[in-house]
């Protein structure tokens, strides 16, 4: 049975194992990210110098203390998908870029979808998106931002979700900068 639910503190090791087992041949530098990139504010040189063990440990700690949030998709008890969804201030890497779009401190952001290859194309990202919007609304978030990047030459950058998925999910296009889009949903 498939379910979507919020990431729980008890999921920390299971979650990092899910990412460890993921095939990142299409983007090898992502193999050691453990969805930490947007949670950091270090320079790109410092980011590149970090090792995967540090990222994994920080991710597990952040999940346990509740600072790393999002939603997981499960097939029975197996994690098959992930959406990194949190208040925009939880993502220091976005500082500067999102300031023009944040109209309220009650703003959520969606930064990474990681769907297991065996489950892609089955609507799991859309289900995760819907769960995140419902979760944000329940906690009083009034707007949510997404950042889809679409480039046929670099399909690996689709980890932000597709523009069409966001538009079908009730988001409006706020701005496009080449292949990078900013979308907003008011809750």
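From the list 149, 97, 71, exactly one residue is touching a helix residue (DSSP H, G or I) at 6+ places or on another chain (Cβ under 8 Å) and either modelled with pLDDT under 95 or under 17 Å from residue 27 (Cβ atoms) (or both). Which is it?
Within the list 149, 97, 71, the selection yields 149.
Looking only at the stretch 82-99, filter to residues that are touching a residue at least 12 places away in the same chain (Cβ under 8 Å) and assigned to a loop (DSSP other than H, G, I, E, B); which one of those is nearest to the chain's Cα centre (by Cα)?
In this case the residue turns out to be 91.
If you take just the strands (runs of 3 or more DSSP E) that sit entirely in the stretch 107-187, which of them hold at least 1 residues that are under 21 Å from residue 3 (Cβ atoms)?
Counting at least 1 such residues, we get 107-115.
Read through the list (1) at negative phi; (2) within 17 Å of the chain's Cα centre (by Cα); (3) surrounded by 18 or more Cβ atoms within 10 Å (Cβ to Cβ), then give the number of the only condition that residue 127 fails.
All conditions are met except number (3).
Taking the stretch 131-156 only, how many residues are surrounded by 15 or more Cβ atoms within 10 Å (Cβ to Cβ) and either under 14 Å from residue 84 (Cβ atoms) or without any contact (Cβ under 8 Å) to a residue 40 or more places away in the chain (or both)?
Going through the stretch 131-156 one residue at a time, the tally reaches 11.
The values are calculated or read from the model by the stated rules, or taken from the named source; none is laboratory data. Every value quoted in this text rests on a predicted model; they were computed, and no experiment measured them. Virtual Cβ from ideal backbone geometry, glycine too; neighbours counted across all protein chains shown.
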